[in-house]
1. Return one number: the angle in degrees, 0 to 90 and rounded to the nearest 10, between the long axis of the Cα atoms of helix 163-182 and the longest principal axis of the Cα atoms of the chain.
2. Sort 26-32, 142-148, 94-100 by packing, meaning the average of other beta carbons within 10 Å per residue, with the highest value first.
3. Tell me the carbon and sulfur percent of the accessible area for the chain, rounded to whole percent, probe radius 1.4 Å.
4. Would you check the accessible area of D157, probe 1.4 Å, heavy atoms only, in square angstrom rounded to 10?
5. Once ligands and nucleic acids are excluded and a 1.4 Å probe is used, how much of Y63 is accessible, expressed in Å² to the nearest 10?
6. Below 21 Å Cα-Cα, how many Lys pairs turn up in the chain? Only count pairs eight or more apart in sequence, or on different chains, if you could.
7. Sorted by average packing, counted as other Cβ atoms within 10 angstrom per residue and highest first, what order do 39-45, 121-127, 174-180 take?
8. Dipole magnitude of the stretch 118-159 about its Cα centre, charges +1 at Lys/Arg Cβ and -1 at Asp/Glu Cβ only, in debye to the nearest 20?
Amino acid sequence: MAVSETTQKTTRLATRKQVLTDLRRSEIIEAALKVFARKGFHHSRTEDVATQAHIAKGTLYLYFDSKDAIYDAALQHAIDNLSELSDERVAAATDTRSRVEAWIHTRLDFWCSRGDMYHMILTVGRETRHRKQTATLLRSAQRSFIKILQDAVDAGDLPPRDLGAIGWLVMDAIRGSNERRILNLCERDIARDTAIIVDTVMRYFE
């Protein structure tokens with residue numbers, strides 16, 4: 001019994017420590033995004049992030065060893081949130097078209113509300129040291145969209161087609177819409193852009 005109680009106590013302490021670590025990392029990421037948005041990624045320093053987070057620079061290095069590491073963590077955090085939100089909305093949809101619409105609309109809406117983060121993806125994310133991570137995330141997103149289509153093909157709701165090609169076409173359309181919106185070049189709202197992309201996808205299977 002004593003051993004069991006000791007083990008349980010140790011587990012609780014480890015869990016609490018992890019929760020606090022995750023919380024502090026999240027606070028640093030949020031602070032960093034504010035600094036990056038205000039000063040630009042390349043003009044921001046880790047000292048600026050530490051000041052924004054109200055911690056010492058040395059404390060920041062306990063969680064992240066560089067500004068690039070903060071960017072990587074911020075991007076992964078955003079992608080995890082997007083994936084969770086997208087999965088929920090797609091699961092709630094009742095047919096293939098509505099699932100395609102949910103997947104596309106979620107991404108347009110998500111990045112529109114996080115323009116500063118998306119702008120960093122378009123700039124910092126294309127630099128050599130971040131390119132591999134960016135490519136991995138793009139491939140993961142494309143595969144998740146293809147899965148919606150493949151499930152529909154398997155169920156007989158859609159005819160077989162080159163799903164990889166239409167997957168990348170949709171990714172390009174979403175990226176283009178997001179870029180134009182960031183640059184204030186898009187006259188259509190998100191709902192209209194979503195409808196156009198969805199119509200293009202569904203016509204591909206006619």
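The values are calculated or read from the model by the stated rules, or taken from the named source; none is laboratory data. Computed from a prediction, not measured in an experiment: that's the story for all the values here. Cβ coordinates were reconstructed from backbone atoms using ideal geometry, including for glycine residues, and neighbour counts include every protein chain displayed. Just so you know, the surface numbers come from the protein's heavy atoms only, side chains and all, with ligands and any DNA or RNA stripped out. Shrake-Rupley method; radii C 1.70, N 1.55, O 1.52, S 1.80 Å.
1. 70
2. Working: 26-32: 18.9, 142-148: 17.3, 94-100: 15.6.
Put in order of decreasing packing, that is 26-32, 142-148, 94-100.
3. Details: 6370 of 12030 Å².
The C+S portion of the solvent-accessible surface of the chain is 53 percent.
4. Here the accessible area works out near 100 Å².
5. 60
6. Details: K9/K17; K17/K57; K34/K57; K34/K67; K39/K57; K39/K67; K57/K67; K67/K132.
Step by step, the pairs that qualify in the chain add up to 8.
7. The peptides rank, most packed first, as 174-180, 121-127, 39-45.
8. Numbers: 7 positive and 4 negative charges, 89 e Å.
My answer is approximately 420 debye.
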